[in-house]
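**Q** Could you have a look at this structure, given as structure tokens, before my questions?
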Amino acid sequence: MNARRILLLAESPYFGGIASHILSIPQAFAGDARYAFVVATLPGRRRGGQFLFDRGQALDIAVHGLAMDGTFDRRVFGELRRLVREQRIDLVHTHNYRATLIAARARLDVPLINTCHGFMVAPNLRLRFWQWAELRAMRRFPRVLACSDHVRARLIEKGLAPDRVRTVRNAFAAPAPLPPAASREPYGIAPDMRLVLFAGRLVHGKGVHLLVEALTRARGWAALIAGDGPLRGKLEEQARRLGVSAHFAGHVMDPLPLYRMADAVALPSEMEALPMTLIEAAACERAVIATRVGGIPEIVAENETGLLFPPNDATALAAALEQLNDAARRTRMGNAARARYETLFCPVRMAHDLARAYDDALRR
């Protein structure tokens, strides 16, 4: 039997959890002759957003860019139909607002399925429109996938029928063996400091300023902040003003050596659906400190694989860091996190759940 060809359509090529998740899908199905994957992305509006292309090339996954001018361009419908025809696509699997809306309106002659990656907290008018439009588009899809039980519950609250919404949790294809730890020397981090890592976009809602502030109370801890974004300059100024040991690595193509170098991983976000950074941390055997919001408690077993604290609370974050001063406790949590990853967030589990969803949609 010929492999069914699945197009994974991304919202944009930017660095982030959604792009990492999309690239993890072909890896999860490696060696499975039932499916073949094609990855495509809509262009972004920011300069320098090439992560999906660059990381795809490193993984030997071809990524197609769809031509369009601006945030929304009607010619993209023809571009998408052409790609589906030329690549002999059997099913289109979309990820996030624009991708879902465009696929729904492109009049494709193949089934559609989408993954909802969550909802922004206090979105601006533009994002509110995209979330509303995505929900309308999802009502045309035979199956809607939610990346966490939290997101599934939100979709049902917003009117989607429960029997049409299925949770398929993100996964991460951890290399075997895991890479060695990166050296601290290039980042100027003293060898006797305990190190907490943040990996992600430096944007509002991620709470990185809380991590910087927490370093004033959690003595003996340094932070390595891997990622870039519009708040980087403001965060660097905050760290200088407070005199704390916060080091900014910028965009990092492969963060795994940084996870291995860190003593713990922090994610102080106001909201997360199912953050890839915590799954990657678990795969790398690292204890985590994260906010008790959204789908985070589905990843972090409190006091077993990490510590949870309320959002927007730098004092609680500092206290959590101090609870992880004990190296033996960090090791126990890291080992437990890896075991939880193997059960819930490994590629085999995700591939099994996605295959069920793909087969259901292809039979309709």
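Every number here is computed from the coordinates shown, using simple stated rules; none is lab data. None of the values given here were measured: they were computed from a predicted structure. When we count neighbours, we look across all protein chains shown, and the Cβ atoms used for this are built from the backbone with ideal geometry, even at glycine.
**Q** For Ala171, what charge total do you get from the other residues with a beta carbon under 11 Å from its beta carbon, if Lys and Arg give +1 and Asp and Glu give -1?
**A** With Lys, Arg at +1 and Asp, Glu at -1, the net is -1.
**Q** Could you grab the relative contact order for region 185-344? Cα pairs under 8 Å, six or more apart, rounded to a whole percent.
**A** About 24 percent, as a whole number.
**Q** A further question on this structure: Under 9 Å from the Cβ of Cys116, count the other residues' Cβ atoms, weight Lys and Arg +1, Asp and Glu -1, and hand me the total.
**A** +1
**Q** So if each residue of separation counts as 0.36 nm, and I subtract the Cα-Cα distance between Arg82 and Arg363, what length gain in nm does that give? Each step should come with its number before you reach the end.
**A** Working: separation 281, 0.36 × 281 = 101.16 nm, distance 2.34 nm.
That pair, Arg82 and Arg363, stretches by 98.8 nm at full extension.
**Q** Right, next: If R₀ is 41 angstrom, what is the calculated FRET efficiency for the pair Asn303 and Ala161, using the beta carbon separation as r and rounding to 0.05? Provide the component values of the computation, followed by the final result.
**A** Working: r = 37 Å, r/R0 = 0.90.
E(calc), rounded to 0.05, equals 0.65.
**Q** Further question: So how far, in whole Å, is the C-alpha centre of region 55-128 from the one of region 282-310?
**A** Here the answer is 31 Å between Cα centres.
**Q** Which of rounded, prolate, oblate describes region 269-312, given a ≥ b ≥ c as roots of the alpha-carbon gyration tensor eigenvalues and a/c under 1.5 marking rounded, otherwise prolate only if a/b is larger than b/c?
**A** oblate
**Q** Now for a different question. Return the loop-located trypsin sites (Lys or Arg not before Pro) in region 71-175 (DSSP other than H, G, I, E, B) with at most 16 other Cβ atoms within 10 Å of their own Cβ; answer none if there are none.
**A** Answer in residue order: Arg74, Arg88, Arg107, Arg139, Arg140, Lys158.
**Q** Now a separate question. Between region 190-244 and region 267-281, how many Å separate their Cα centres?
**A** Computed from Cα coordinates, the inter-centre distance equals 16 Å.
**Q** Asn2 to Arg136: extension gain in nm, 0.36 nm per residue of separation minus the Cα-Cα distance?
**A** Values: separation 134, 0.36 × 134 = 48.24 nm, distance 3.36 nm.
Here the answer is 44.9 nm.
**Q** Using Cα atoms only, what is the angle between the long axis of helix 327-344 and the major principal axis of the chain, expressed in degrees (0 to 90) to the nearest 10?
**A** Roughly 10 degrees, rounded to the nearest 10.
**Q** Separate question: Whole angstrom only: what separates the Cα centroid of region 1-23 from the Cα centroid of region 311-364?
**A** Between the Cα centre of region 1-23 and that of region 311-364, the gap is 21 Å.
**Q** Which angle between 0 and 90 degrees, to the nearest 10, do you get for helix 232-242 versus the longest principal axis of the chain when only C-alpha atoms count?
**A** 10 degrees
**Q** As I understand it, the value is the acute angle between the Cα axis of helix 347-363 and the longest principal axis of the Cα atoms of the chain; what does it come to in degrees, rounded to 10?
**A** That helix lies at roughly 20 degrees to the long axis.
**Q** Give me the percent relative contact order of region 140-202, please, defined on Cα pairs under 8 angstrom at least 6 residues apart.
**A** Relative contact order for region 140-202 comes out at 28 percent.
**Q** Hey, another quick one. What shape does region 247-338 have by the C-alpha gyration tensor, where a ≥ b ≥ c are the square roots of the eigenvalues, rounded means a/c under 1.5, and otherwise prolate means a/b greater than b/c and oblate the rest?
**A** In terms of gyration-tensor shape, rounded.
**Q** Please identify which residues in region 198-225 have an amide N closer than 20 Å to a label point set 7 Å out from the Cα of Leu59, following the Cα→Cβ vector.
**A** Only 199-201 pass the distance filter.
**Q** Give, as a single signed number, the net charge of other residues whose beta carbon lies under 15 Å from the beta carbon of Arg128, with Lys and Arg counted +1 and Asp and Glu -1.
**A** Surrounding charge for Arg128 is +4.
**Q** Assign one of three labels to region 185-344, namely rounded, prolate or oblate, based on the Cα gyration tensor with a ≥ b ≥ c the square roots of its eigenvalues; rounded applies when a/c is under 1.5, prolate when it is not and a/b is larger than b/c, and oblate otherwise.
**A** rounded
**Q** Work out how much length Asp313 to Ala339 would gain on full extension: take 0.36 nm times their residue separation and subtract the Cα-Cα distance, in nm to one decimal.
**A** Net length gain for the segment: 6.4 nm.
**Q** Then there's this: Relative contact order for the chain: what is it in percent, counting Cα pairs under 8 Å that are at least 6 residues apart?
**A** 15 percent
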